[in-house]
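The values are calculated or read from the model by the stated rules, or taken from the named source; none is laboratory data. Bear in mind the structure is a predicted one, so any value in this text is a computation, not a measurement. Positions of Cβ are backbone-derived with ideal geometry, glycine not excepted, and every protein chain shown enters the neighbour counts. Quick note on the areas: whole protein, heavy atoms, side chains included, nothing else; ligands and nucleic acids left out. Shrake-Rupley method; radii C 1.70, N 1.55, O 1.52, S 1.80 Å.
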Amino acid sequence: MIRFVVIALLAACGPGMKGGPSMSSHMNGPDPVAQSSSVVSADILAREPVANTAQIKHILIGWKGTVQDPRADKRTKAEAEGVVKGILAQLKGGADFDALMKQYSEDPGSASTAKAYTVTPDASLVIEFKQLGLRLQLGEITAVEWDYGFVVMKRVE
């Protein structure tokens, strides 16, 4: 009887089953938002995950209807993409991520503190954030699009 229960549990927790950690590209959630922007790192999203746990800092940039921020309400998606391109250029030029996070991020939960989020396959985070976060190399910076706008991300641990 115990052997049967163990076999049933192993079968139920196999790859692709909801409820257990998985390093598949779907990571136990719905398909990610279609990535249609030139700022999105499709090459990184195509990689296999490189970590089971990562500390990720991010800068959220929205447009009208995506986030509750007066800056986002005044811009279109194309304008938000331009802001993201500018942020990525500043970071490539050596700008401090935390300073830009405090200046630009429209995420009230982390903008003022510059805190990092712990990303794991089963974390209660938006799927695109998890998928990209677990594919980043330490120190790597990139961007992704989701329902709330664009997110510039950096793996710090």
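With 137, 131 as the choices, which residue is out of contact with any helix residue (DSSP H, G or I) (no Cβ under 7 Å at 6 or more places or on another chain) and among the polar types (S, T, N, Q)?
Values: 131 fails: out of contact with any helix residue (DSSP H, G or I) (no Cβ under 7 Å at 6 or more places or on another chain).
Answer to the selection: 137.
When you scan the stretch 114-157, how many residues do you find that are in a strand (DSSP E or B) and within 18 Å of residue 39 (Cα to Cα)?
Let us first name the residues in the stretch 114-157 that are in a strand (DSSP E or B), namely 117-119, 141-146, 149-155.
Now drop any that are not within 18 Å of residue 39 (Cα to Cα), which leaves 141-146, 149-155.
Of the residues in that region, 13 qualify.
For the stretch 54-92, a residue qualifies if it is open to solvent by 80 Å² or more (accessible area, probe 1.4 Å), modelled with pLDDT of 95 or more and not in a helix (DSSP H, G or I), and the qualifying residues are 64, 74. Screening 96, 43 for residues that are modelled with pLDDT under 90 and either under 14 Å from the mean Cα position of the chain (by Cα) or of a type outside the set (Gly, Ala, Ser) (or both) leaves exactly one candidate, 43.
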